[in-house]
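Below is one structure, written out as structure tokens, with a few remarks after it.
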Amino acid sequence: MCGIVGATSERRISEILIEGLKRLEYRGYDSAGLAVLNDNGDIELVRRVGKVQALKDAVGEQPLSGTTGIAHTRWATHGGVTEANAHPHISGNCIAVVHNGIIENHDKLRQQLQQLGYTFNSDTDTEVICHWIHHERKKHDDFFAAVQATIKHLEGAYGTLVMDCRNPGRLVVARSGSPLVIGLGIGENFVASDQLALLPVTRRFIVLEEGDMADITRTEVKVYDRDGNPVEREVHEFDGHYDAGGKGEYRHYMLKEIHEQPSAVRHALEERLTDHGLADDVFGKGSLELLKRVKHVQIVACGTSYHAGLVARYWLEALAGVSCNVEIASEFRYRTSHVHHDSLLVTISQSGETADTLAALRLSKQLGYLGSLTICNVPTSSMVRESDLAYLTRAGAEIGVASTKAFTTQLVGLLMLTLAIGQFRGMSHEQQSAVVQSLKVLPNKLEEALLLSEAIEALAPEFADKYHSLFLGRGTQYPIAMEGALKLKEISYIHAEAYAAGELKHGPLALIDAEMPVIVVAPNDELLEKLKSNVEEVRARGGIMYVFADKHAHFKSDDSMRVINVTHCDELIAPIVYTVPLQLLSYFVAIIKGTDVDQPRNLAKSVTVE
Ligand code: HGA
């Protein structure tokens, strides 16, 4: 979502700000802007609708004069996508603010400020912050104190970064609900909403905790907790695996990340498996003591991560012998739910900052869960820090908005969770060894699945003029069909729905005609014969099918069916393996459609607002 970057240095910083924004570009945004305090002590503001490149072009070749500045990429929540609504927002030509999140009481604050004589130049909720700080500055000599006084009035979630023309060389940040890190340099310091933004300038970071504020100069960083007490926060060295690098030989990050899956899974398995089971501290030190007591699992997630949770339910109930519920975080957090006895709350999130999932985790602490576990890709994220246990997916930075390798590595983690709980709940040694063996061959199976790339690319033109599609699967492949449908709609903008194949006759069969491709996921599992009957139901109604099938499933291509044979694999890992051809299908269809694959319209990565 929105990206924040700030810097205070001895050198000119406009290029650092723009490079930082570029590194956050992948999150999706609609406009970008920056403000620097120039050598005359004036705030220089440049904002543009569109890509960071448009901002860069507007700034021009020469770095702006000024050694302190703030910058932002916006994903609009309040107010349309216009230059006036782009951040930074300025009050009294002196206070500049960028903000990530939503100020829920902005209407009330706006009215109060208007009564005080403030004029608003945008429709955003953010603009109330800068005017309120400006108003507080009349009472507080100290810039930090004015920001502190302001945030007492704000309701909602925010990460905000403020600059004051009367305090050159100083930045103030406040975190409440949206992530912020401080990058530590030598004679210079930085701020960003994600450490990736600052990797060209530093590898040392402080991750702000909820409620923290920081007062930052070139040479000093002072952090205060939510009660205003000075605190020491740990300095983290950057974990090299979480660096996106470039696109390499690939045309898009998404394609690169699809192809990285075998190595990402290999990395996820390293030192975590023994011959017959799991290493002890896969979920963190002492985790087995907690996992031993688990009798129920409640999974909470959003989007692609939710689909991973749905697959895990099949595994946890069938293999580990625990009951499992899976729920979308934005629903879970706003309803009264029944907490099962000895229930473990499992959150799944690539970024570990997904607003609804994080809120659900925080809520769970008051609800009487046995404990919490997060399956997450970012070691320094809020969810990892706030959960009792954590499983790091080790997928490396995922830049494509449409999640790929984060999903498959989440599934690996969830299979390991099945093993970890199952070992205490009667899972036999043979069953445990079988899971371990399947996981060990998984990277090779993913490599074999990637060999389908050319065949799938050749199919893609058949989707060029389609507006709707249907994905079918059964058992663990039902959530994979859901994930396949989500990928296709996200990046090709073709409407795609997924159904459990057995549900066809309860409605969706009415939609079948030659204009709506039906994509079927058909590994050679115990539900194959049932699935074949569903395939016949589609054929009888003139549907055109694309069947991703195990060669032993004996499907044959004909006028109404194109069969893509997927490498034979164990039923257990089939949901992970079959994900790959569906990702490739979406990718190549999106290429035919000419969409913005890595940053599809209206979407954002790391969904830090509700
Ligand atoms: N509410 C602000 C910031 C939006 C945001 O954080 N998006 O991720 C706005 O609409 O400008």
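The values are calculated or read from the model by the stated rules, or taken from the named source; none is laboratory data. Fair warning: this is a prediction, and the values are worked out from it, not measured in the lab. Cβ sites come from the backbone with ideal geometry, for glycine too, and all protein chains shown count toward neighbours.
A few notes on this one:
- Exactly one residue out of Ile512, Ile591 is free of Cβ contacts under 8 Å to residues at least 60 places away in the same chain and touching an Asp or Glu at 6+ places or on another chain (Cβ under 9 Å): that is Ile512.
- Scanning region 483-510 for residues that are in a helix (DSSP H, G or I), closer than 24 Å to Gly309 by Cα and of a type in the set (D, E, K, R) returns Glu483, Lys487, Lys489, Glu490, Glu503.
- Residue list for region 552-588, filter: in contact (Cβ under 8 Å) with a residue 12 or more places away in the chain, of a type outside the set (S, T, N, Q) and part of a loop (DSSP other than H, G, I, E, B): Phe555, His568, Cys569, Asp570, Glu571, Leu572, Ile573
- Single residue of Ile494, Ile519 found to be among the aliphatic types (A, V, I, L, M), in contact with a Lys or Arg (Cβ under 9 Å, 6 or more places away or on another chain) and within 30 Å of Arg27 (Cβ to Cβ): Ile494
- Subset of region 297-333 (residues that are without any contact (Cβ under 8 Å) to a residue 40 or more places away in the chain and either over 30 Å from Tyr26 (Cα atoms) or of a type in the set (A, V, I, L, M, F, W, C) (or both)): Arg313, Glu317, Ala318, Ser323, Cys324, Asn325, Val326, Ile328, Ala329, Phe332
- If you go through region 79-97 and keep only what is within 27 Å of Val607 (Cβ to Cβ) and surrounded by 15 or more Cβ atoms within 10 Å (Cβ to Cβ), you end up with Gly79, Thr82, Ala84, Asn85, Ala86, His87, Pro88, His89, Ala96, Val97.
- Residue that is farthest from the ligand (Cβ to nearest atom) [pool: residues in region 1-13 that are in contact with an Asp or Glu (Cβ under 9 Å, 6 or more places away or on another chain) and of a type in the set (Gly, Ala, Ser)]: Ser9
- Within region 369-480, helices (runs of 4 or more DSSP H) holding 2 or more residues that are surrounded by 24 or more Cβ atoms within 10 Å (Cβ to Cβ) and in contact with a His (Cβ under 9 Å, 6 or more places away or on another chain): 405-422
- Strands (runs of 3 or more DSSP E) (entirely within region 30-106) containing at least 3 residues that are modelled with pLDDT under 95 and within 15 Å of the ligand (Cβ to nearest atom): 95-103
- If you go through region 132-181 and pick out every residue that is aliphatic (A, V, I, L, M) and part of a strand (DSSP E or B), you end up with 9.
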